[in-house]
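Comments concern the structure below.
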There are 2 protein chains.
Amino acid sequence: MGPNFILKGNICYCETPERFTIVEHGVLVCKEGLVEGVYQEIPEAFADFEVRDAGEKLIIPGLVDLHLHAPQYTFRATHMDLELLEWLENYAFPAEAKYKDAEYARKAYGIFVDRLRDSATTRACMFGTLHVEATEILMELLEKSGLHTMVGKVNMDRNSPDYLREESADVSGEATVEWIKDCKKKFRNTKPILTPRFIPSCTDELMENLKKIQLHFQLPLQSHLSENLSEIDWVQELCPTSAFYGDAYDQFGLFGADCPTIMAHCVYSSDEEIRRMKENGVFVAHCPESNMNLASGIAPIRKYMQEGLKVGLGSDVAGGTKEDMFAAMMHAIQCSKLRWRVIDDTLAPLTASEVFYLATKGGGEFFGKVGSFEPGYEFDAVVLDDSRLKDVEPVSVADRIERFIYLEQEEDIRAKYVAGKEVFWR
Amino acid sequence: MGPNFILKGNICYCETPERFTIVEHGVLVCKEGLVEGVYQEIPEAFADFEVRDAGEKLIIPGLVDLHLHAPQYTFRATHMDLELLEWLENYAFPAEAKYKDAEYARKAYGIFVDRLRDSATTRACMFGTLHVEATEILMELLEKSGLHTMVGKVNMDRNSPDYLREESADVSGEATVEWIKDCKKKFRNTKPILTPRFIPSCTDELMENLKKIQLHFQLPLQSHLSENLSEIDWVQELCPTSAFYGDAYDQFGLFGADCPTIMAHCVYSSDEEIRRMKENGVFVAHCPESNMNLASGIAPIRKYMQEGLKVGLGSDVAGGTKEDMFAAMMHAIQCSKLRWRVIDDTLAPLTASEVFYLATKGGGEFFGKVGSFEPGYEFDAVVLDDSRLKDVEPVSVADRIERFIYLEQEEDIRAKYVAGKEVFWR
């Protein structure tokens, strides 16, 4: 396929959280990698564009995963019996230590990237490990996959076992600079993102180093925030001068004021923390499955949306068990219903169109104009086939989308385009 | 396959909720439709039995679904925006009314039964509609499928629209007797179960009729209990003399004292209700996904298990979105973690082996000696293939079972046996 082409099918996307925009048997025009427009019939001006006909299938924007840990994919969906801090110590840290071995990393990341490529995800922000070589292997594989991603070599120089801790803030900083320079040479669609693991893993000195690196290279940042009650207490002990968890990042200028920043979880953000996130334009990566699996709690996403925060969804593999962003939408709806029922009935449950918005345009904003079929958006699209779900009577496009949220399976994803390039059509 | 044969593979089952019993590369002997035993090598005495080798695959007891609504399968995973009573009125009742048309019923139930057959479920208790003809069509299809099931023609003579309400208690009772007599003639593995929809749908006169029918035919019963707060208030209004919701059934002798009884949901059962359930041997069908989707709440299953109640799992299609009982296990674990975190931290979250037990031996008890590989149990088994999930290093059998809970997909179910009969091997 050249840079100009047309997809035909049942088109569905969200310009706003409130509703789906649906064009049945419509045409979606791609021009030079961007969405030119959505029409009922092919406009005269594009009559010579190549046409791919998806028939009765659904065409939606590619999904955006704002938070996941690629090295943890090996043990996804197992060891779901502990809370965050004990889970890190017992399962996540030992698993990540294995990526010191480049051969292991190539095999494990190979499996992960193949699955991510086959999913409905077109964009993702993810954690690697502290190992530069392994992280670059992950990035090579992602670059080849056709996805557009941001990947972080993790920084961690305290409060983890010897086998998974950088020797000092300077060693960590130097490795980070080496890695960033490599990335600039090697990758086009796989960008580095600064990744202090979380406050408990990073000394003040390391945070200061990262701020210098951020200002020099103008890099975005991702980390964790207010996920678990014990974690929050620990951060307060470690940073007694911080007014709240997010302030512990902000004291080093690493809370979104200068560069785009994602904070995963935000289950327990206080009003002060919410205000600061809003002022600084911090993106919340809502990871509902992980927050259940690690018994963290339920984030008040309705409140964040009402307050005007930027919110997207994350699979959080392997606190979450799967790379499937439809499942993340399902869990987001279900958790919001339980939160409404048992915690706070002033915050209405999330709807299908709202979680769809979060998984497309909401998180997509972190990548620029991504996650919608409005003109000028990057052309990220996936084609969905629900013919497996046999029906007695016709089902509306909106209902078919809702069914995908609950019933999606791997083989239902039939085609994927990222920034106008075909990743697969099968 | 004859009545005597052997399955080889990685065998896993739960005798008690606390732990998996695992025999790697073991043999499971079927003799005359019953489990003869599990061994490491084929015993001399069975050396002439035919052997089916599942290789590295997993062999587990068939799963038991204690609660689902077959006619609602058509709209599963859509219309998830209302609570129970409004959801019934707006979605479930109109969908069920269509089964007045036998041709529609044959198509819709055909799709449902095909899927149930392909799943890991070997036994299920389900609601049909109030229509005798459609319910018998469903039962015919189930009988052909090879599954063992209990199916209810629904009784409902009040508080529903004209188009889905029986004319009177006597009309409902007579139709029920006609249906039971037909079932005895027609079906061997598909048994009738009495099914008053729930207290709000049934007049006192109808409940009295059903009690007479139960005593005459000695039939088990299934219904709904303490699912939703508005429903519970309504039952109290309708039955002012009842001490609690379950007592409204018990006043008519329809709460397990005489015949085996399943009550679905029990999200809000009081201590009194719990005590009565225990005295009467009532089975709780825990339907966690439905309880999230309809914003009902989270049932205290740990408490029920501690109190010694009989508990199984239900998909509750279409309050639940799928027939997949692995998903029911996942939701049961996840909900129990949120309940522990936000409602009551004295009730520990459910573990993988506990929900596996509920979905096998726990619910299986309603069918007799079903749901385990202990000697003398009916030979219900499914073969699971997780080769789709590529691994860098070997994964333990227990971890592989845990992964199925979170990651199962339709094509992973490779073989199924019910009461010693092969349903499929593919």
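Across all directions, the average flat footprint of the convex hull enclosing the Cα atoms of segment A:44-123 is 9.0 nm². Normalised by the number of residues in segment A:104-263, the mean separation of alpha-carbon contacts (under 8 Å, six or more apart) gives a relative contact order of 19 percent.
Principal-axis analysis of the Cα atoms of chain B puts helix B:229-238 at an angle of about 40° to the longest axis.
Between amide H atoms placed 1.01 Å from N, distances below 5 Å from B:L63 occur with B:T121, B:T122, B:R123, all of them 5 or more places distant or on a separate chain. Summary of the geometry: segment A:113-129 and segment A:345-382, compared by the centres of their Cα atoms, lie 17 Å apart.
Could you tell me how far the Cα centroid of segment A:239-318 sits from the Cα centroid of segment B:247-316, in Å? Cα centroid of segment B:247-316 versus Cα centroid of segment A:239-318: 39 Å apart.
Taking Cα atoms only, the orientation of helix A:325-342 departs from the longest principal axis of chain A by about 70 degrees. Peptide A:73-79 shows a mean partner chain C-beta count of 6 within 10 Å per residue C-beta.
A simple rule links phi to the HN-Hα coupling: the Karplus curve 6.51 cos²θ - 1.76 cosθ + 1.60 with θ = phi - 60°, which for segment A:407-415 gives 10, 4, 10, 2, 6, 7, 7, 9, 7 Hz, with x for Gly and Pro. Rounded to the nearest 10 degrees, the inclination of helix B:102-118 to the longest alpha-carbon principal axis of chain B is 30 degrees.
Counting heavy atoms of the protein chains alone, B:K212 has an accessible area of about 140 Å² for a 1.4 Å probe. Legend: calculated FRET efficiency, B:D345 to B:S396, from the Cβ-Cβ distance at R0 = 25 Å, rounded to 0.05, equals 0.25. Only Cα pairs under 8 Å and 6+ residues apart enter the sum, and on that basis the relative contact order of chain B stands at 21 percent. Each copy carries a label point for B:R275 at 7 Å from Cα along the beta-carbon vector; from one copy to the others these points are 5.2 nm apart, nearest first.
In the protein assembly as shown, the convex hull through the Cα atoms has an average projected area of 35.5 nm², a quarter of its surface area. Value of Rg to Rh for segment B:63-367, rounded to two decimals, is 0.93; Kirkwood radius and Rg both from alpha-carbon coordinates. Considering only A:A47, A:T203, A:Y357, and ranking their Cα positions along the charge dipole of chain A that arises from unit charges at the beta-carbon of Lys, Arg, Asp and Glu, the one farthest toward the positive end is A:A47.
When chain B is described by a simple charge dipole with +1 on each Lys and Arg Cβ and -1 on each Asp and Glu Cβ, the residue from B:P240, B:T129, B:L338 located farthest towards its positive end is B:T129. For segment B:33-107 and segment A:167-197, compute the distance between their C-alpha centroids and round to whole Å. Cα centroid to Cα centroid, the span is 50 Å. Most simply put, chain A has about 45% antiparallel DSSP beta bridges, counting only bridges with both residues inside it. Taking all protein chains together and a 1.4 Å probe, the residues A:K144, A:K57 rank A:K144, A:K57 from largest to smallest accessible area. The solvent-accessible area of A:V38, taken with every protein chain present and a 1.4 Å probe, is close to 40 Å².
Peptides B:393-405, A:62-74 ranked from most to least packed by the mean count of surrounding Cβ atoms within 10 Å: A:62-74, B:393-405.
DSSP beta bridges confined to the protein assembly as shown are antiparallel in about 45 percent of cases. Name the residue from B:L294, B:Y109, B:C259 whose Cα lies farthest towards the positive end of the charge dipole of chain B, charges +1 on Cβ of Lys and Arg and -1 on Cβ of Asp and Glu. Ranked along the dipole, the leading option is B:Y109. Sorted largest first, the principal axis extents computed over the alpha-carbon atoms of segment B:267-386 equal 39, 36, 26 Å.
Per-residue mean of foreign Cβ neighbours for A:336-345 is 5 (Cβ atoms of other chains, 10 Å radius). For B:K337, a cut-off of 20 angstrom between C-alpha atoms picks up these lysines, skipping any fewer than 8 places away in its own chain: A:K322, A:K337, B:K303. What you get for the protein assembly as shown, charging only the Cβ of Lys and Arg (+1) and of Asp and Glu (-1), is a dipole of about 1220 debye around the Cα centre.
Take each residue in A:384-390, count the other chain C-beta atoms within 10 Å of its C-beta, and the mean is 2.
The values are calculated or read from the model by the stated rules, or taken from the named source; none is laboratory data. Predicted model, so just to flag it, every value in this text is computed and none were measured. All Cβ positions, even for glycine, are placed from backbone atoms using ideal geometry, and neighbour counts span all protein chains on display. All accessible areas refer to the heavy atoms of the entire protein, side chains included, with ligands and DNA or RNA removed. Shrake-Rupley method; radii C 1.70, N 1.55, O 1.52, S 1.80 Å.
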